[in-house]
Amino acid sequence: MNSILRATTFALAPVLALSFAPAAYADGNVACKPGPQENWKPIDKLKKKVWMEGWTLIKLQVEGDCYEVYARNSAGQVLEAFYHPETLEKLVVFRRGTEIYRKKGF
Amino acid sequence: MKRKQLKTLVSVGLAVPGAFMLYDFAAGTTLAMDLLEPTGVLSVRLMILAMLAGPLVEAFGTNRFFAAWLMLRRNLGVAAFGYVLLHLLFYAVDMTPPGILDELGLPGIWTGWLALALLIPSAAISFDSAVRALGRRWKTVQRLVYLALAVAFTHWLLLAWDWLPAALHIAPLAIAWLLRFRQRQAIVRHRSLS
């Protein structure tokens, strides 16, 4: 009986632990490697960049050590773009997990 | 508590997170896009919980706890399918039909549709008279769930590119399958000895 309980706990622990864990967002494990946070530019500065791309902004957020933008392009496609928090350079863009842009050398 | 009451109570309990999600969406406090991940992950978790009971019982024998878990397998499975449908609903609201058609060919997307298609037969026969009518074939159809789970994991990995959460989810099932395999081997060995 004890071994059954132990095994059940063993088997269920990861499921239960994850039930309380916040859901991970698609981050593609992108690492932007910026310097200290005090040197980061305000995230709102990305709004103009998004507008200049011709995209409609859905959401701005900090993801790991990157700025992340959710937007729609003119064709209505949902894009997930990662920007460097210091330089605000566009580093990589995913469309539903498929990489459609990557900065040269990144 | 009577069997039927317990099952109803569990089903209602399992529907609660979905009700909160729908409420948040209707109230405009959450984007449909932000509900995609929670609904998807929840359906995978429920599917895993439904699939764990069988191998654990086979590996360790039955007791009251396992018996109750086995009894609730259908509730867990049907709830998992319910969250798949909610996942689809939020996706449809977020994308609109032309957007959905446009990205149908992307690997991260068509794998999701395939997982849904594979789950439909199992969900469609999740009632007693279907079990009786199909007999042994019922179990064969339910085995599609294994394939559906594998495709769902592929869908998840292709969208998130983060293997760790998916690996942590599959771990309990992998352990349970391994224990069941060892148990079956032991039975075969025992039989061949006697």
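Points worth noting:
- Taking the range B:6-23 as the range and being of a type in the set (G, A, S) and surrounded by fewer than 16 Cβ atoms within 10 Å (Cβ to Cβ) as the test, the residues that pass are B:G13, B:A15, B:A19.
- When the range B:53-65 is filtered for residues that are surrounded by 19 or more Cβ atoms within 10 Å (Cβ to Cβ) and under 18 Å from B:K7 (Cα atoms), only B:A53 remains.
- Any chance B:A26 is open to solvent by less than 20 Å² (accessible area, probe 1.4 Å), more than 8 Å from every other protein chain (Cβ to nearest Cβ) and more than 29 Å from B:K2 (Cα to Cα): no
- Selection of the range B:60-70 for residues being out of contact with any Phe, Trp or Tyr (no Cβ under 9 Å at 6 or more places or on another chain) and either closer than 21 Å to B:R143 by Cα or not in a helix (DSSP H, G or I) (or both) yields B:G61, B:T62, B:N63, B:A67, B:W69, B:L70.
- The range A:1-57, subset open to solvent by less than 60 Å² (accessible area, probe 1.4 Å) and at pLDDT 95 or above, residue farthest from the other protein chains (Cβ to nearest Cβ): A:W40
- The range B:52-76 residues that are away from every other protein chain (no Cβ under 11 Å) and without any contact (Cβ under 8 Å) to a residue 12 or more places away in the chain, paired with ones that are among the aliphatic types (A, V, I, L, M) and in a helix (DSSP H, G or I) (beta carbon under 9 Å, 6 or more apart): B:A67/B:V57
- Remark: pairs (first residue in the range B:136-158, without any contact (Cβ under 8 Å) to a residue 60 or more places away in the chain; second residue surrounded by fewer than 19 Cβ atoms within 10 Å (Cβ to Cβ) and among the aromatic types (F, W, Y); Cβ separation under 8 Å; 6+ apart in sequence or on different chains) = B:L157/B:W163.
The values are calculated or read from the model by the stated rules, or taken from the named source; none is laboratory data. The structure presented is a predicted model; accordingly, all values stated were derived computationally and were not measured. Note: ideal-geometry Cβ built from the backbone for every residue, glycine included; neighbour counts use all protein chains shown. Remember, those area values only see protein heavy atoms, side chains included, never the ligands or the DNA or RNA. Shrake-Rupley method; radii C 1.70, N 1.55, O 1.52, S 1.80 Å.
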